Amino acid sequence: MKLLRKAGACFFLSVFLMMTGCSGLQMKTESLVYKARYRVMDGDLVGSVAPLKKALTLAPKDVNANVLMAQIQYRLGKIDEAGKFALAAYAVDPRDFRAMGILGLVDLNRGRYQQGMSRAGEAMEIFNGIEEVGGNLPVEPETILKQMAADLKQHGEISKEKIAALASAFQAKIDWYEFDEEYRKWHFRSFYDTRPDGGGTPSN
């Protein structure tokens, strides 16, 4: 999956530079977000913050910039900062499953278990409506949420390990969505719509 993400990022970053029809400000903002995303995929979380700060200075309400910053802050352990950026993205687009899911993870970390599970569950419903196939995991977020509900009922709390497992699974869903979203920009359909078996386009 990591190699797939990196290959996709390299391809779409190069194609991005030839985009037309975008304003100069929008292009600059998106270019900075792409740069930050590529650094994240290279494991440089700290190095990804600077280009994102520049992007958010140019466009404070940019959803992708806020979502990516929220992801990075969460992975750096800055839970409240993650919530701040996720909330900024959510305010612009309440249907963005990434922002909603990160807000759910923040709630879970802060002991607001019911609200956190509700938000994470709603985020996955939105994701499943967008990505009907692809991105399957050994343990799906919905399964982890069911385990969390059982733990909460039995023990009155949810372990940090379960929250970490949910965060990892949810991040994998975000990675898949963002790869497929770039494909849709150029082909108007998802990767799996066009290539259902991962191979060539079926003949009529």
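Observations on the model:
- Failed item, numbered, when GLU131 is tested on (1) open to solvent by 50 Å² or more (accessible area, probe 1.4 Å); (2) modelled with pLDDT under 95: (1)
- Helices (runs of 4 or more DSSP H) lying entirely in the stretch 23-111 (those with 2 or more residues that are within 19 Å of PHE179 (Cα to Cα) and either of a type in the set (Val, Ile, Thr) or in contact with a Ser or Thr (Cβ under 9 Å, 6 or more places away or on another chain) (or both)): 24-41, 63-75
- Qualifying residue in the stretch 58-78 (condition: of a type in the set (Gly, Ala, Ser) and in contact (Cβ under 8 Å) with a residue 40 or more places away in the chain): no
- For GLU157, the conditions (1) assigned to a helix (DSSP H, G or I); (2) in contact with a helix residue (DSSP H, G or I) (Cβ under 9 Å, 6 or more places away or on another chain); (3) open to solvent by 20 Å² or more (accessible area, probe 1.4 Å); (4) at pLDDT 90 or above are fulfilled apart from (1).
- Residue check, GLN73 over 12 Å from the mean Cα position of the chain (by Cα), over 26 Å from LYS153 (Cβ atoms) and not hydroxyl-bearing (Ser, Thr, Tyr): yes
- Filter result for ASP62 (open to solvent by 20 Å² or more (accessible area, probe 1.4 Å) and at pLDDT below 95): no
The values are calculated or read from the model by the stated rules, or taken from the named source; none is laboratory data. These figures come from a predicted structure and were not determined experimentally. Don't worry about glycine lacking a Cβ; one is built from the backbone with ideal geometry, like all the others, and counts go over all protein chains shown. To get the accessible areas, we keep the full protein, side chains included, count just its heavy atoms, and leave off ligands, DNA and RNA. Shrake-Rupley method; radii C 1.70, N 1.55, O 1.52, S 1.80 Å.
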